[in-house]
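Please read the structure below before turning to the comments.
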Amino acid sequence: MTATAFALRCRICEHVEEPGPARDCSRCDGPTDVAYDLRALAEVVSRERIAAGPQTLWRYRDLLPAEIGDGTSVAGWTPLVRAEQLSDALDIEVLVKVESSNPTGSYKDRMAALAGAAAVAMELETLCCTSTGNLGDAVAAEAAARGLEAIVLAPDGGIGLRRARALGAQVIAIDGGYDECRALERSLAALYRWGFVTGNLSPYAVEGAKTISFEIVEQLGWRMPDAVVCAVWSGALLAKIAQGLHELRAVGLIAEPPPRLYGAQATEAARLAAAYAEDRPLSQSPWVDVDSAFADLAIGAARASGGGLVAVGEERIAGYTELLAETTGIAVDDAGGVALGALVESVRSGRVRRGERVVLVVSGSIPEERADGIATIPADLGALLAELGAA
Ligand SMILES: [Zn+2]
C-alpha cells in the first residue's frame, strides 16, 4: 500500500474536496490543484524506495495522484546529459534534460501518463484533448497503452498528428482556432463522460510535469543545480517544476536550497515576461486567457527562487535552436531554442555566473508538415457530433 492519499484544493478559496473528474472548485469555480499530506508522505518516501521503482516517472508514484498500477506508461526518466561544447563556450556547466526522449517526443507524455492513470481510476473510457501536435501524440500513446479511446481536436486545420493517428486516435481537424476547440470540448463535456486532459483531468495531468524536477535532483545524485531554465507558455511547466522542488524538501528527500528558476519566452509571445517585467499579476494583464491559471504561479515561482522570466528576440530563436542541435546532437522545436537563448543571454547579463551548474530543459520534436488525409470540419458542435458518429 502506498501513501498516495490526496485531495483537490481550490487555489482561490482553499476549499478541499474529494478527487474526481473536475478542474474547477465546486464552491467558487476557481482552479484546483492536487494537494498531498506531505507530513504523512515524509514517513513513507525514501531515496531507496524511489531507486527500487521502475525507470519511468512511476518511480515517484508516492508523490503522484495515482492509485492504480504503473507499468503501462513508459514516460519519464529521460536523460540528463552534460553539453560539453556549450559548457566550454559559456564557462558554466550546462546539463540538458532531454525531454524529447519521452515516448512521443515531449514532456506532454508525462501529463498524458497522469491523465491516463486518473481516467482509469475514475472509470472514464475516452481521453480527449485539443492539440496541434505534442499533446495529441502523447494522449494517443497513453490511450493506446491503457486500452482507452483517444479523440484529438486539431485547431486551424491542424498539422498532421500522423503519429497520433498511427496510435489509433481519432483526429478531427477543426476549421477554427484553439479557443473554439476548447469551447467544443466544453460542449462535449456536457454530453459525454469523457476525460479532458486540459479540462476535467487537468489537475492530475499537470502533476506529471513536476517529475522533471524529481529526476533532475535524483540524476544529480540528490543534489540541487544552481539554476534551471525552461521555455514557458502557459506557465504550468515552470510552476510544476517549482512545486516538485518544494515537495522534495518538504518530504525530507533533500535539504539543499532550491535552484533559481528561469522561464524563457519568445518576445512575440512574451506575456509572462512582460507581466514579470512590469511587476503585476497576469490576471490584471490584457493577455489573460482561459489557460493562464498557471501564469501567476510561474511568475511567483521564478521571482521567489531568485530567477526570472526572460524574453528572447524572435529573430534570434532559429539560430539558438540550430546552435543547440549542432553542439549537443539534440534536435528539438523552437521552444528549445528559446530556452537556450534565455540561458546564453542570462550568462551575458551576469544573472548566471561563471562555474554555475545549470539545467536546460528542452522538449518537443521538430514539427511535422501539415498532413493530408484528414478533412477539416467547421467549428460547430453539430458537425463535430456527426464526425464522431456513435463515439
Ligand atoms: Zn474555491
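The values are calculated or read from the model by the stated rules, or taken from the named source; none is laboratory data. Since we're looking at a predicted model, the values are computed, not measured. Methodologically, a virtual Cβ is constructed for each residue, glycine included, from the backbone with ideal geometry; neighbour enumeration extends over all protein chains shown. These accessible areas exclude ligands, DNA and RNA; they are computed on the full protein's heavy atoms, side chains included. Shrake-Rupley method; radii C 1.70, N 1.55, O 1.52, S 1.80 Å.
Structure summary
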| item | result |
| --- | --- |
| Test: residue 39 is more than 16 Å from the ligand (Cβ to nearest atom), within 30 Å of residue 295 (Cβ to Cβ), assigned to a helix (DSSP H, G or I) and open to solvent by 60 Å² or more (accessible area, probe 1.4 Å) | yes |
| Residue within segment 5-21 that is open to solvent by 50 Å² or more (accessible area, probe 1.4 Å), more than 19 Å from residue 122 (Cα to Cα) and without any contact (Cβ under 8 Å) to a residue 12 or more places away in the chain present | yes |
| Boolean, residue 83 is touching a strand residue (DSSP E or B) at 6+ places or on another chain (Cβ under 6 Å) and either modelled with pLDDT of 95 or more or more than 16 Å from the ligand (Cβ to nearest atom) (or both) | yes |
| Top-ranked residue of segment 4-25 - restricted to ones that are in a loop (DSSP other than H, G, I, E, B) and closer than 17 Å to residue 36 by Cβ, ranked as farthest from the ligand (Cβ to nearest atom) | 4 |
| Selection status of residue 47, open to solvent by 40 Å² or more (accessible area, probe 1.4 Å) and near the ligand (Cβ under 9 Å from one of its atoms) | no |
| Single condition residue 354 does not satisfy, out of (1) in contact (Cβ under 8 Å) with a residue 60 or more places away in the chain; (2) in contact with an Asp or Glu (Cβ under 7 Å, 6 or more places away or on another chain); (3) surrounded by 20 or more Cβ atoms within 10 Å (Cβ to Cβ) | (3) |
| Any hit, segment 322-339, residues being surrounded by fewer than 18 Cβ atoms within 10 Å (Cβ to Cβ), touching a residue at least 24 places away in the same chain (Cβ under 8 Å) and within 15 Å of residue 263 (Cβ to Cβ) | no |
| Verdict on residue 140 being on the phi < 0 side of the Ramachandran plot, in contact (Cβ under 8 Å) with a residue 12 or more places away in the chain and open to solvent by less than 10 Å² (accessible area, probe 1.4 Å) | yes |
| Candidate set: segment 116-134, residues that are surrounded by fewer than 24 Cβ atoms within 10 Å (Cβ to Cβ) and not polar (S, T, N, Q); chosen: the one farthest from residue 175 (Cα to Cα) | 121 |
| Pairs with Cβ under 8 Å, 6+ apart, first in segment 168-189 and in the same structural domain as residue 138 (by TED's automatic domain parsing), second of a type in the set (Phe, Trp, Tyr) | 185/196; 188/194; 188/196; 189/196 |
| Failed item in (1) at pLDDT below 95; (2) away from the ligand (no atom under 16 Å from the Cβ), with residue 109 passing the rest | (1) |
| Filtered residues of segment 186-205 (kept if in a helix (DSSP H, G or I) and open to solvent by 10 Å² or more (accessible area, probe 1.4 Å)) | 186, 187, 189, 190, 191, 202 |
